[in-house]
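Participant: The structure that follows is given in the form of structure tokens.
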Amino acid sequence: MVDGIGRTIEYLRISLTDRCNLRCVYCMPEDGAPTLPHGEILRYEELLRLVRVLAGLGVKHLRLTGGEPTVRRGWLDFAAKLHGIPGVESVAMTSNGVLLCDRMDEVKRAGLDALNLSLDTLDAASCARMTRGGSPEPVLRTLEQALAAGLRVKINAVPVRGYNEEQIPALAALAKDRPICVRFIELMPIGCARGLQSVGQDEVLRRLTEAFGPLAPDDAVHGHGPAVYYRPAGFVGSVGVIGALSHAFCASCNRVRLTADGQLKLCLNHALGLDLRALLRGGADDEAIRSAILDAVARKPASHGFDASIGDREERRMNEIGG
């Protein structure tokens, strides 16, 4: 599947729910937020049908997200069924890891190929402040259990000024003796994050260089996303940076998102998309859905537009969009 400017779209992020067991400062309000009624969320049978159509159009790589995907009942069975769809080559998940602790045998049986764990700080106090009640301990246990189970593991950290920028070297050091990737992702000014200050890619690299010395480029393939990877001297694993604002990678974007309520999002910062739930529940056959997806993808924006005034700026929070 190719968009209107020639980019190959082969990566789909599927949000299973807008609910979460944490309240991270850049994602959700402290006192929570209204959640989607059950009937507005796509059923697993509907998701499987859409994945079959999208896989037929060339989507190869799937990632389950939320909210927090593990709060939705039945996600393990759903993940296992994804591998049976022709054309699907990998199924991964992004999770805060809390509810995965001590469940790695189930995760392995479900066939997940890779796991990204969200962990913004190793300091208990700053973690509680950023997540509004969370702790790094269950995430670290999940990390070790995932490695023992043979999963490919990455850590996702979002540096936020005044919250966790001093934790960058400590987080990176998780990759010193473990075969993992620790990635630092620039804060996206979406929803609750608009009132926060990002720590840019260049500063992250400077802090890493000050802590570990020169960063040798790591050209190994670590997945299907946009991160740029480095390997400090003596590290078993790698560190990565995703600078969507300061070092935009829109020209090579290979993804679309499916929200929990069935909206096919073409770009994170644009509201433009396609209401797949309406097509599914309106009786459209697979060919009509396929045609609508191709028409929508042809209109995928050339740029995220965070640095400009755009007419269809996304107004939803990250938990509603799918992280």
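Participant: May I ask for the angle, rounded to the nearest 10°, between helix 44-56 and the longest principal axis of the chain, with both axes built from Cα atoms and the value confined to 0 to 90°?
Facilitator: In the chain, helix 44-56 runs at an angle near 90 degrees to the longest axis.
Participant: Distance from the Cα centre of the range 64-81 to that of the range 88-105, in angstrom?
Facilitator: First find each Cα centre; the distance between them is then 9 Å.
Participant: According to the Kirkwood expression over distinct Cα-Cα pairs, how big is the hydrodynamic radius of the range 85-177, in Å?
Facilitator: On the way: mean 1/r = 0.0716 Å⁻¹.
Result for the range 85-177, one decimal place: 14.0 Å.
Participant: In the Gaussian network model of the chain, springs joining C-alpha atoms below 10 Å, which of Thr209, Thr17, Thr94 carries the largest mean-square fluctuation?
Facilitator: Thr209
Participant: What number comes out for the charge environment of Leu171, summing +1 per Lys or Arg and -1 per Asp or Glu over other residues with Cβ under 13 Å away?
Facilitator: Values: positive: Lys154, Lys176, Arg178, Arg183, Arg207; negative: Asp120, Asp123, Glu165, Glu166.
Combined, the nearby Lys, Arg, Asp and Glu give +1.
Participant: Separate question: Search the structure for amide H atoms under 5 Å from the amide H of Ile155, placed 1.01 Å from N in the peptide plane, and list their residues when 5 or more places away or on another chain.
Facilitator: For Ile155, the qualifying residues are Leu117, Cys181, Val182, Arg183.
Participant: On C-alpha positions alone, give me the angle between the axis of helix 201-212 and the longest principal axis of the chain, in degrees, nearest 10.
Facilitator: 40 degrees
Participant: Additional query: Can you give me the C-alpha center-to-center distance between the range 176-210 and the range 258-303, rounded to a whole angstrom?
Facilitator: 30 Å
Participant: Let me ask you something else. Would you calculate the convex hull of the Cα atoms in the chain and tell me its volume per residue in Å³?
Facilitator: Details: hull volume 40.6 nm³, N = 323.
Dividing the Cα hull volume of the chain by its residue count gives 126 Å³.
Participant: Between the helical axis of 286-297 and the dominant principal axis of the chain, each derived from Cα atoms, what acute angle in degrees is found, rounded to the nearest 10?
Facilitator: 50 degrees
Participant: Tell me, for the chain, which Cys residues have no other cysteine's C-beta sitting closer than 4.7 Å.
Facilitator: Cys20, Cys101, Cys127, Cys181, Cys192, Cys250, Cys253, Cys267, each lacking another Cys Cβ under 4.7 Å.
Participant: In the range 11-321, what is the count of Lys pairs whose alpha carbons are under 25 Å apart, counting only pairs at least 8 residues apart or on separate chains?
Facilitator: Count of close lysine pairs: 13.
Participant: Amide H of Arg178 versus every other amide H placed in the peptide plane: which residues, excluding those fewer than 5 positions away on the same chain, fall under 5 Å?
Facilitator: Close amide H contacts, sequence-distant or interchain: Val236, Gly237.
Participant: Hey, another quick one. Sort His222, His83 by Cβ crowding within 10 Å, fewest neighbours at the top. Working shown, then result.
Facilitator: Details: His222 18, His83 15.
With the sparsest Cβ surroundings first, the list reads His83, His222.
Participant: How many percent of DSSP beta bridges within the range 113-258 run antiparallel, rounded to 5? If you can, show how the numbers build up before the last one.
Facilitator: Values: 7 of 21 bridges.
That works out to approximately 35 percent antiparallel.
Participant: Can you put Lys154, Lys176 in order of Cβ neighbours within 10 angstrom, beginning with the fewest?
Facilitator: Details: Lys154 24, Lys176 15.
In increasing order of surrounding Cβ atoms, one gets Lys176, Lys154.
Read-outs throughout are calculated quantities, based only on the coordinates presented, and are distinct from any laboratory measurement. As the structure is a computational prediction, the values presented were derived from the model and not from experiment. As a convention, Cβ positions derive from the backbone with ideal geometry for all residues, glycine included, and neighbour counts pool all protein chains shown.
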